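The values are calculated or read from the model by the stated rules, or taken from the named source; none is laboratory data. Predicted model only: the values in this text are computed from it and were never measured. When we count neighbours, we look across all protein chains shown, and the Cβ atoms used for this are built from the backbone with ideal geometry, even at glycine.
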Amino acid sequence: MKAFLCALMSVVGLSACTELQSHSFDRAFAEAVVSNDTRTLFSTCNRTNATRPINGLQPIYYVASHGNEDAIDLLYNSGASLKTRSPEGRSLAYAAAVNGHSATAAKLVKIGGGSSSDLAAGRAQWQRNREQKKAHDAMMIAGMAWIANQMFQDSISNDAKSESDKRLEYFQHLQMDRMNGTTSH
């Protein structure tokens, strides 16, 4: 499609083909930002990519949430704003702090990527998330232990049942033999 548009533009005398190509969406850059692939991010970053939203968030917001200080510097130097906010109004410092990157969040506060209250709110939310995860993990372990216990109890009762069934069959077989006047045991 790009090649077609460039050819069309050259026919009508427009020379903006390189500009059109530089403004196209760079999938490799977007994937690198979201997955925190620093090597690809550094090789594909340009002024356009650095300021183009990915899924509603600026690329610098993603790298802040990953705590990737080198990528923050790269994107900032490529034109990204430190004043970037999430759709909920959360700052870069909050994004870093809520994901456990306190040092990165503190640096962002110092350079204008949020306030000390953003940092405190992010840290507090990170702590709550951590406590919830611990509680969730404890519940999962308790649930798995209960299931294992039930399975063990069921296997014991199934073994007992099968022994009981064997005795019942044996006695039924003896009774049938007696009724028929034969004894096989």
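Within segment 140-151, the presence of at least one residue that is modelled with pLDDT of 70 or more, under 30 Å from Arg90 (Cβ atoms) and surrounded by 10 or more Cβ atoms within 10 Å (Cβ to Cβ) is confirmed. Cβ-Cβ under 9 Å, sequence separation 6+ or interchain: first residue in segment 37-51 and in the same structural domain as Tyr61 (by TED's automatic domain parsing), partner part of a loop (DSSP other than H, G, I, E, B) and among the hydrophobic types (A, V, I, L, M, F, W, C). Which pairs? Correct list of pairs: Asn49/Phe25; Ala50/Ala80; Thr51/Ala80.
Taken over segment 99-118, the criterion of being crowded, with 22+ Cβ neighbours inside 10 Å and either under 16 Å from Leu57 (Cβ atoms) or out of contact with any Leu (no Cβ under 7 Å at 6 or more places or on another chain) (or both) is satisfied by His101, Thr104, Leu108, Gly113, Gly114, Asp118. Evaluate the following for Ser43: is it modelled with pLDDT under 95, over 30 Å from Arg123 (Cα atoms) and not in a loop (DSSP other than H, G, I, E, B)? In short, yes.
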